[in-house]
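Peer 1: One structure is given below, represented as structure tokens, and several questions about it will come after.
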Amino acid sequence: MSRIKKAFENGKAFIPFLTGGDPDIGITEKLIFEMEANGADLIEIGVPFSDPIAEGVVIQAADERALSGGVTTDDLFAMVKRVREKTQIPLVFMTYYNPVFSYGNEKFLANCKDCGIDGIIIPDLPFEESDEIRGTCKEYGIDLINMIAPTSEERIERIAKSAEGFLYCVSSLGVTGVRETITTNVTAMIEKVRSYSDIPCAIGFGISNPKQAKEMAAVSDGVIVGSAIVRIIAEHGKESAGPVGEYVKSMKEAANS
Amino acid sequence: MEKKGRFGQFGGQYVPETLMPVLKEVEEAYLAAQKDPEFQAELNRLYSEYADRPSRLYYAEKMTMDLGGAKIYLKREDLNHTGSHKINNVLGQVLLAKKMGKTRVIAETGAGQHGVATATAAALMGLECEIFMGKIDTDRQALNVYRMELLGAKVHAVTSGTQVLKDAVNEAMREWAGRMDDTLYVLGSVMGPHPFPTIVRDFQKIIGKEIKEQLKEKEGRLPDAVIACVGGGSNAMGSFYEFVGDKEVQLIGCEAAGEGADTPRNAATIANGRLGVFHGMKSLFCQNKYGQIDEVYSISAGLDYPGIGPEHAMLHDTGRAQYVPITDVEAVEAFEYLSRTEGIIPAVESAHAIAYARKLAPTMGKDKIIVVTVSGRGDKDVAAIARYRGVQIYE
């Protein structure tokens, strides 16, 4: 059984995101353990990209900080390898297609396997284009995480049926970032998925506070939080382990309350 | 699985899931418009009465004599309304937006030419318009910002990333992903996800079609070479497309080499780029070994783009077209040369094509014919060229 499945065995999953190398690779490594200790079920590690078109300003700024600090894809592979020696928590990379494609799909996925990454999320690789990497992902045992959005409608069937690991359900139009309210009818989206597949559904985009975590977890299998965490890291920098840990704890609890 | 919008291995639709349905909506609307005689008649009327098409094919006699080789004709896209070829595309796309029932258009712009053209078409057709432009570009092209505002558009100065054209595209894509119900993203070049490279090429191919007809009338034959500048590549694709099947016609794209294709400061994608996926398309991009997109440089804000349209990448791959790097120095000299020699001040983008014509013409016989597309007029560049020459002019 893949490690990703285990993320959904401990009540509603809480899935935090952080940008690898923000503010530096050592802090990222420390934060991964802090998140795990405070109840994270799966951790998304962002491989920074110069032009992250699906991200709002908070994660854009994190990518810029990481890249200007000199972090590279190879540094992240090495970091994950060190982390993997001490933990079995499911880890997935979230990045854009060019850092993967340019590195070489085969080489990138072989390194994922070697360092202990379990899945990969590529927001600018839609279902129609994904077959150029899907086979290689299978070969190396890396789950390619599909995404559905509020606009997907009749596309949900194909996407849900080919989903691996979990399905990333985008809660809102637009880009990542904290939102006051989530207006999409996510319940209907997820019911539609359920009619085609029993893949775990995690909701992301716009979730920042315990109230939202509780509401979203109630209609899904887990919640994903990125910008709200990256904002804490931006504020506290090298001292962010404490505040990030507390936040993760409160969100995991809220999701299961 | 169905692969849409491929030019050989290039092209495709590499965008977030959120945008996939609206791309399909645009594609379907475009296919319907192509077959709709009413749409075509309306577009042709706008081309003729509003944009002043057909643009002239002008025999540059003094330039021809001076260079002493092939006969040179200039395709005068600079004479179009709004001063560049960009109007051809925006009239088509904004008309399409209207047919789709959209009430708002958004667009990216570098130098401001596409932004001005989009704002113009939106004003004409009564649509709301918002333009995304890198903060650095809004500073260096302040006059165009005011021009867009005068036309009723709202201009957003993009402060993310490197604050230039590629970042303006990023921001326009983000905006579109948040609001597509009433909004069409009017892409300015033969780039981005399918169907845009095809749509923009189709709206620009009138350039080459006219060249063919006009030259046939004047000379009774095809040109030996067609030269155009390339950033994303819309005026070049528009100039080339009609001739792709005429193998005897040499097609030459001139890309911006900035301070030199072998220096760190350039935007020569064919010379220095490698295969990648960015802004919705698989094509060639200037990037580092980890796939981070490079910051590129050219004196020309319109050619200052780290990629190239996928159809150009294919024409390069198959050898059907050649792409040559032209430096800032060569472009500025050509800018001054055409001004003095023919009394035509070209856009600094177009000056890249003029620069290569100056190299090529003397190597060809007097019985040969070169057509150079002057994609835009140079009024917008006068102050910048003056500064380049050490003369301080305030716009």
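The values are calculated or read from the model by the stated rules, or taken from the named source; none is laboratory data. None of the values given here were measured: they were computed from a predicted structure. In this analysis, Cβ positions are derived from the backbone assuming ideal geometry, glycine residues included, and neighbour counts consider all displayed protein chains.
Peer 1: Do you know which residues across segment B:41-55 are within 19 Å of the chain's Cα centre (by Cα) and either closer than 17 Å to B:P362 by Cβ or surrounded by fewer than 16 Cβ atoms within 10 Å (Cβ to Cβ) (or both)?
Peer 2: Correct list: B:D52 only.
Peer 1: Another question, then. Taking segment B:243-294 as the search range and keeping residues that are assigned to a loop (DSSP other than H, G, I, E, B) and among the aliphatic types (A, V, I, L, M), which one is farthest from B:Q163 (Cα to Cα)?
Peer 2: Applying the filter and picking the extreme gives B:V249.
Peer 1: Also: Among the residues of segment A:231-247, is there at least one that is buried (at least 20 other Cβ atoms within 10 Å of the Cβ), assigned to a helix (DSSP H, G or I), among the aromatic types (F, W, Y) and at negative phi?
Peer 2: The answer is yes; a qualifying residue exists.
Peer 1: Quick test for you: out of B:Y297, B:Y305, B:Y356, B:Y323, pick the one residue that is under 21 Å from the mean Cα position of the chain (by Cα) and in a strand (DSSP E or B).
Peer 2: Residue meeting the stated conditions: B:Y323.
Peer 1: Output the number of residues of segment A:5-26 satisfying the condition of being surrounded by 17 or more Cβ atoms within 10 Å (Cβ to Cβ), outside any loop (DSSP other than H, G, I, E, B) and in contact with a Leu (Cβ under 9 Å, 6 or more places away or on another chain).
Peer 2: 6
Peer 1: Okay, moving on. Could you identify the single residue in B:A386, B:A357 that is out of contact with any Lys or Arg (no Cβ under 7 Å at 6 or more places or on another chain) and surrounded by 24 or more Cβ atoms within 10 Å (Cβ to Cβ)?
Peer 2: B:A357
Peer 1: Report, ordered by the first and then the second residue, all pairs with beta carbons closer than 6 Å, sequence separation of six or more or different chains, a first member in segment B:355-379 that is touching a residue at least 60 places away in the same chain (Cβ under 8 Å), and a second member that is of a type in the set (K, R).
Peer 2: Listed pairs, sorted by first residue: B:I369/B:K71; B:V371/B:K75; B:T373/B:K75; B:V374/B:R76.
Peer 1: Which of the following residues is outside the structural domain of B:A32 (by TED's automatic domain parsing) and among the basic types (K, R): B:R104, B:R76, B:R147?
Peer 2: Selected residue: B:R76, the only one of B:R104, B:R76, B:R147 that is outside the structural domain of B:A32 (by TED's automatic domain parsing) and among the basic types (K, R).
Peer 1: Ok, one more. For segment B:279-318, enumerate the residues that are more than 9 Å from chain A (Cβ to nearest Cβ), among the aromatic types (F, W, Y) and crowded, with 24+ Cβ neighbours inside 10 Å.
Peer 2: Answer for segment B:279-318, where residues must be more than 9 Å from chain A (Cβ to nearest Cβ), among the aromatic types (F, W, Y) and crowded, with 24+ Cβ neighbours inside 10 Å: just B:Y305.
Peer 1: Also, quick follow-up: What pairs come out if I take residues in segment B:133-158 that are under 16 Å from B:V186 (Cα atoms) and pair them with residues that are acidic (D, E) whose C-beta lies under 8 Å away, six or more apart or interchain?
Peer 2: Pairs found: B:M133/B:E108; B:A153/B:E130; B:K154/B:E130; B:V155/B:E130; B:V155/B:E149; B:H156/B:E130; B:H156/B:E171.
Peer 1: Looking at segment A:97-192, what helices (runs of 4 or more DSSP H) fall wholly within it and have at least 2 residues that are closer than 21 Å to B:M20 by Cβ and either under 19 Å from the mean Cα position of the chain (by Cα) or not hydrophobic (A, V, I, L, M, F, W, C) (or both)?
Peer 2: Fully inside segment A:97-192 and qualifying: A:97-103, A:131-140, A:156-161.
Peer 1: From the set of residues in segment A:50-75 that are more than 10 Å from chain B (Cβ to nearest Cβ) and crowded, with 24+ Cβ neighbours inside 10 Å, which is farthest from A:I232 (Cα to Cα)?
Peer 2: Checked segment A:50-75; the qualifying residue farthest from A:I232 (Cα to Cα) is A:A66.
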